[in-house]
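Student: There's a structure below that I have some questions on.
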Amino acid sequence: MFSLSVPLGKFVRRVSRLRGGGSAFPGLVVEKIDPGFMQRTLSTLPHGVAVVSGTNGKTTTTKMVVELLESQGLKVFTNRTGSNFTRGVAAALIGDVDWRGRLDADVAVLELDEAHAVHFVNRVPPRYSLLLNVLRDQLDRFGEIDKTAQLLQHIASKTTGTVVLNREDPRVARIAGTLQGPEVLYFGLDDSLLGTFPSDDELRAGPGSPVPAVPQRPQADVVLRRVGADDADFEYDGVTVTTGMKLRGVYNIFNAAAALVLARSICGSGAATADHGTLLKALSEVAPAFGRGESLTVDGLPLDLVLVKNPSGFRLGLKSFPSGGYATMIAINDNYADGRDMSWLWDVDFDSLRAEGVDQVSGSRAYDMALRLQYDEVQIGSVDTDIPAALADFIRKGKGKPKRVFCTYTAMLAIRRELSKITTVEVVS
Amino acid sequence: MTPESTAGTTASKGTIRVLQLYPREMNIYGDWGNALVLQQRLKWHGYTPELLEYNVGDEFPEGVDIILGGGGQDSGQLVIQDDLQSRASLLKGMAEDGTPMLLICGLYQLFGRFFKTRSGPVIPGIGVLDVETHGTDERLIGNVKVTTAEFGEVLGYENHSGQTTLGPGVAPLGTVAKGTGNNSSDGQEGARYRNIVASYLHGSLLPKNPAIADFLIRTAVERRYGTFAPGEADDRYAILAREHAARRPR
């Protein structure tokens, strides 16, 4: 079917790119003039649509699923630009369809923000959904985490084929009991790793308080058994396999188990069954998505950017990237995309930074962060709310040391912008 | 982190027992920050903090000097409801007796007379505070600045859909200069009764409002030891964090 919306959308996309405009604007135009465009286009894909949602790790997990599927020879459509809402999907589609509106792909794997995913699945029921976790993130936007869990439940209920759930997150695992139609698969953790993923409910169980009883856990399709310095063990089909990992951070590697479940499910339900050798090779080569444990080079030494946006993520970041030998900077902004409420900083323990201190604190809420560190008795080098100035100072004083920057989303964008002046930084459109 | 119970090399002026109420269910939005601030400031003032927890079904500890209550999800409030009722007369007695308490958000509501949910059912409170709360569809979210006579400007962050009105038995903590506070009509925030400070403000509240932290500490010490001899508190970062927070948009 030929409609005018596609050429018009492509035209708007070109013009807005020339103007350096936002990546979602052409999607808005197409949505307005042709509301059925997205559903019509995506419904033609032989393997259907897979939605990835949850609080933490959507971008990296989506990237993993895409690369795993591509290793099996599938053509994958995805919303790479990180516009993880409906309009962003429409904008990405406009870029990928031909002038007649046809999409040359076998499957779509889409990262969707929890709230926007609800609107999306009402219009395009996915064949697969992967629900990662419900953590305390930007509660000022969604209200409460129980509300967020309801959003994920809605995504699951609209899924026609298979729902992949995090067995270890009670708010996600609980969704299984509410489902009637779709098949449910789980990704899970070895008991020995459970302690590294405290749920928000257990964040502040003080010393001596009893550990909540572990309920009967269902069988998981893929279990992460062990995480090494640059490899990991996954168990599936009754066998434990060891694979090298470029990804850093135990939470990224847990999400690799999630990606494996989804990719295996998508391949298994179609013509090609997954080839394990190529699947694991692809997994071992996945590089982190931008800002998610990404390593840049400054003065010949690594500078790691670690995105932190909620207490569990920050705690895991500190655990995964020990400070020994590193110069450390923390940049906390409170723009809308970061979350305006600073309460979350008080749910993170910074004891692990006490031995080496923090060299530089920055961002619009630099002094909230400094105050937080003071109460955990962590020494601070300097505090400057101005990110470019603070970063320059940090790099100058940290000469000869590898560096690490923990930063919120908009602080990371500002830091990348500054770093792109002095080193190679991947351009994100 | 292990709660430290020694305050450097100088002799402690005495132990103060701080009890967190239901930290397992009612600890959302950084309520731990309030406990941590009391613990550290007690040390700065030369006292030995002892941090205790009370959860559903626990034995209630003896000799509690300060009570901290936090916010929670609706589901958390349901879990603690019966246990809280079973402790109502004990907590009421402590309140009337002058025990300093900080009650934030969810426990502020449940220390009141009742919470009438939007869908109809009424959750009884324990009636320590003469306040009532009505659930609404509207969520009040954002930075808040409150003018108070007692503690100066109080800064924090609100996130609630229950709207609270004060009865004649309590005074407001202050008047709202930015944000909403107790409800969307009367411009008041929080409640004061005897030595209780109740508020909707997270942030966490105590780190950026050390005047309230020191009020709770001073009151507790005077009740236990007769007089309070303050120590040196380094509030340079707190002052700067307050200045920057006050300038941030709603």
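Student: Take the conditions in contact with a strand residue (DSSP E or B) (Cβ under 7 Å, 6 or more places away or on another chain) and among the small types (Gly, Ala, Ser) and apply them to residue B:69. Does it pass?
Tutor: Spelling it out, residue B:69 is indeed in contact with a strand residue (DSSP E or B) (Cβ under 7 Å, 6 or more places away or on another chain) and among the small types (Gly, Ala, Ser).
Student: Quick check on my filter: what residues within the range A:344-361 are under 20 Å from residue A:334 (Cα atoms), within 12 Å of another protein chain (Cβ to nearest Cβ) and not in a loop (DSSP other than H, G, I, E, B)?
Tutor: Within the range A:344-361, A:344, A:345, A:346, A:347, A:361 meet the criteria.
Student: Right, here's the next one. Just to be sure, is residue A:375 under 27 Å from residue B:200 (Cβ atoms), of a type in the set (Phe, Trp, Tyr), more than 24 Å from the chain's Cα centre (by Cα) and surrounded by fewer than 23 Cβ atoms within 10 Å (Cβ to Cβ)?
Tutor: When the stated conditions are applied, residue A:375 passes them.
Student: Which of the residues spanning the range B:236-250 are assigned to a helix (DSSP H, G or I) and either more than 7 Å from chain A (Cβ to nearest Cβ) or touching a residue at least 24 places away in the same chain (Cβ under 8 Å) (or both)?
Tutor: B:236, B:238, B:239, B:241, B:242, B:243, B:245, B:246, B:247
Student: Can you go through A:269, A:312, A:265, A:295 and tell me which one is of a type in the set (S, T, N, Q), modelled with pLDDT under 85, surrounded by 13 or more Cβ atoms within 10 Å (Cβ to Cβ) and closer than 25 Å to residue A:49 by Cα?
Tutor: Working: A:312 fails: closer than 25 Å to residue A:49 by Cα; A:265 fails: modelled with pLDDT under 85; A:295 fails: closer than 25 Å to residue A:49 by Cα.
None of the others qualify; the one that does is A:269.
Student: Can you find, within the range A:362-402, the residue that is farthest from the other protein chains (Cβ to nearest Cβ) among those that are among the charged types (D, E, K, R) and more than 25 Å from residue A:337 (Cα to Cα)?
Tutor: A:399
Student: Name the single residue that is surrounded by the fewest Cβ atoms within 10 Å (Cβ to Cβ) among those in the range B:177-215 being part of a strand (DSSP E or B) and within 14 Å of chain A (Cβ to nearest Cβ).
Tutor: Top of the filtered list is B:178.
Student: Looking at the range A:333-341, is at least one residue surrounded by fewer than 24 Cβ atoms within 10 Å (Cβ to Cβ) and among the basic types (Lys, Arg)?
Tutor: Yes, that holds for at least one residue.
Student: Among the residues of the range B:213-223, is there at least one that is over 17 Å from residue B:102 (Cβ atoms) and within 18 Å of the chain's Cα centre (by Cα)?
Tutor: No, there is no match, as no residue in the range B:213-223 is over 17 Å from residue B:102 (Cβ atoms) and within 18 Å of the chain's Cα centre (by Cα).
Student: Would you please list the contacts, defined by Cβ atoms under 7 Å and residues six or more apart or on different chains, that run from a residue in the range A:309-330 that is aromatic (Phe, Trp, Tyr) to a residue that is part of a loop (DSSP other than H, G, I, E, B)?
Tutor: Once the first residue is aromatic (Phe, Trp, Tyr) and sits in the range A:309-330, its partners that are part of a loop (DSSP other than H, G, I, E, B) give A:314/A:308; A:314/A:348; A:326/A:401; A:326/A:402.
Student: Determine whether the range B:161-176 contains at least one residue that is surrounded by 19 or more Cβ atoms within 10 Å (Cβ to Cβ), in a strand (DSSP E or B) and within 14 Å of another protein chain (Cβ to nearest Cβ).
Tutor: Yes, some residue in the range B:161-176 is surrounded by 19 or more Cβ atoms within 10 Å (Cβ to Cβ), in a strand (DSSP E or B) and within 14 Å of another protein chain (Cβ to nearest Cβ).
Student: Sticking with this one: What do you reckon, is residue A:305 in a strand (DSSP E or B) and either within 14 Å of chain B (Cβ to nearest Cβ) or among the hydrophobic types (A, V, I, L, M, F, W, C) (or both)?
Tutor: So residue A:305 fits the description; yes.
Student: Can I ask one more? Test each condition in (1) within 14 Å of another protein chain (Cβ to nearest Cβ); (2) within 26 Å of residue B:159 (Cα to Cα) for residue A:409 and report the one that comes out false.
Tutor: (1)
Student: A further question on this structure: Being in a loop (DSSP other than H, G, I, E, B), modelled with pLDDT of 65 or more, within 30 Å of residue A:285 (Cα to Cα) and in contact with a helix residue (DSSP H, G or I) (Cβ under 7 Å, 6 or more places away or on another chain) narrows it down to one residue among A:56, A:84; which is it?
Tutor: A:56
Student: Just a yes or no: is a residue in the range A:399-409 in a loop (DSSP other than H, G, I, E, B) and either modelled with pLDDT of 95 or more or touching a Pro at 6+ places or on another chain (Cβ under 7 Å) (or both)? Working first, answer last.
Tutor: Of all residues in the range A:399-409, those in a loop (DSSP other than H, G, I, E, B) come to A:399-402, A:408.
With either modelled with pLDDT of 95 or more or touching a Pro at 6+ places or on another chain (Cβ under 7 Å) (or both) added as a condition, the list becomes A:402.
Yes, the range A:399-409 contains at least one residue that is in a loop (DSSP other than H, G, I, E, B) and either modelled with pLDDT of 95 or more or touching a Pro at 6+ places or on another chain (Cβ under 7 Å) (or both).
Student: Would you mention how many residues in the range B:77-108 are part of a helix (DSSP H, G or I) and either more than 14 Å from chain A (Cβ to nearest Cβ) or more than 17 Å from residue B:34 (Cβ to Cβ) (or both)?
Tutor: 22
Student: Also, quick follow-up: From the residues in the range B:42-76 that are small (Gly, Ala, Ser), farther than 13 Å from residue B:17 by Cα and part of a loop (DSSP other than H, G, I, E, B), which one is farthest from the other protein chains (Cβ to nearest Cβ)? Talk me through it step by step, then tell me what you get.
Tutor: In the first step, residues of the range B:42-76 are kept if they are small (Gly, Ala, Ser); the result is B:46, B:57, B:63, B:69-72, B:75-76.
From what is left, the residues that are farther than 13 Å from residue B:17 by Cα are B:46, B:57, B:69-72, B:75-76.
This time we only want the ones that are part of a loop (DSSP other than H, G, I, E, B), so: B:46, B:57, B:70, B:72.
Values: B:46: 17, B:57: 10, B:70: 9, B:72: 9 Å.
Of everything passing the filter in the range B:42-76, B:46 is farthest from the other protein chains (Cβ to nearest Cβ).
Student: Just checking, which of B:157, B:225 is more than 14 Å from every other protein chain (Cβ to nearest Cβ), more than 15 Å from residue B:107 (Cα to Cα) and not charged (D, E, K, R)? Walk me through it before giving the result.
Tutor: Numbers: B:157 fails: more than 14 Å from every other protein chain (Cβ to nearest Cβ).
That would be B:225, the only listed residue that is more than 14 Å from every other protein chain (Cβ to nearest Cβ), more than 15 Å from residue B:107 (Cα to Cα) and not charged (D, E, K, R).
Student: Only one of (1) surrounded by fewer than 19 Cβ atoms within 10 Å (Cβ to Cβ); (2) modelled with pLDDT of 95 or more fails for residue B:143. Which number is that?
Tutor: (1)
Student: Can you find, within the range B:109-124, the residue that is modelled with the lowest pLDDT among those that are part of a loop (DSSP other than H, G, I, E, B) and touching an Asp or Glu at 6+ places or on another chain (Cβ under 8 Å)?
Tutor: B:118
Residue by residue, here is whether (1) among the aromatic types (Phe, Trp, Tyr); (2) within 19 Å of residue B:20 (Cβ to Cβ) holds:
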| residue | (1), (2) |
| --- | --- |
| B:83 | no, yes |
| B:86 | no, yes |
| B:95 | no, yes |
| B:99 | no, yes |
| B:105 | no, yes |
| B:111 | yes, yes |
| B:131 | no, no |
| B:134 | no, no |
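Student: Search the range B:216-235 for residues being hydroxyl-bearing (Ser, Thr, Tyr) and assigned to a helix (DSSP H, G or I), and hand back the single one that is surrounded by the most Cβ atoms within 10 Å (Cβ to Cβ).
Tutor: Of the residues in the range B:216-235, the ones hydroxyl-bearing (Ser, Thr, Tyr) are B:219, B:225, B:227.
Within this subset, residues satisfying the condition of being assigned to a helix (DSSP H, G or I) are B:219, B:225.
Numbers: B:219: 19, B:225: 15.
Only one residue tops the list, namely B:219.
The values are calculated or read from the model by the stated rules, or taken from the named source; none is laboratory data. All values derive from a computational prediction rather than experimental measurement. Cβ atoms come from the backbone with ideal geometry, glycine included; neighbour counts cover every protein chain shown.
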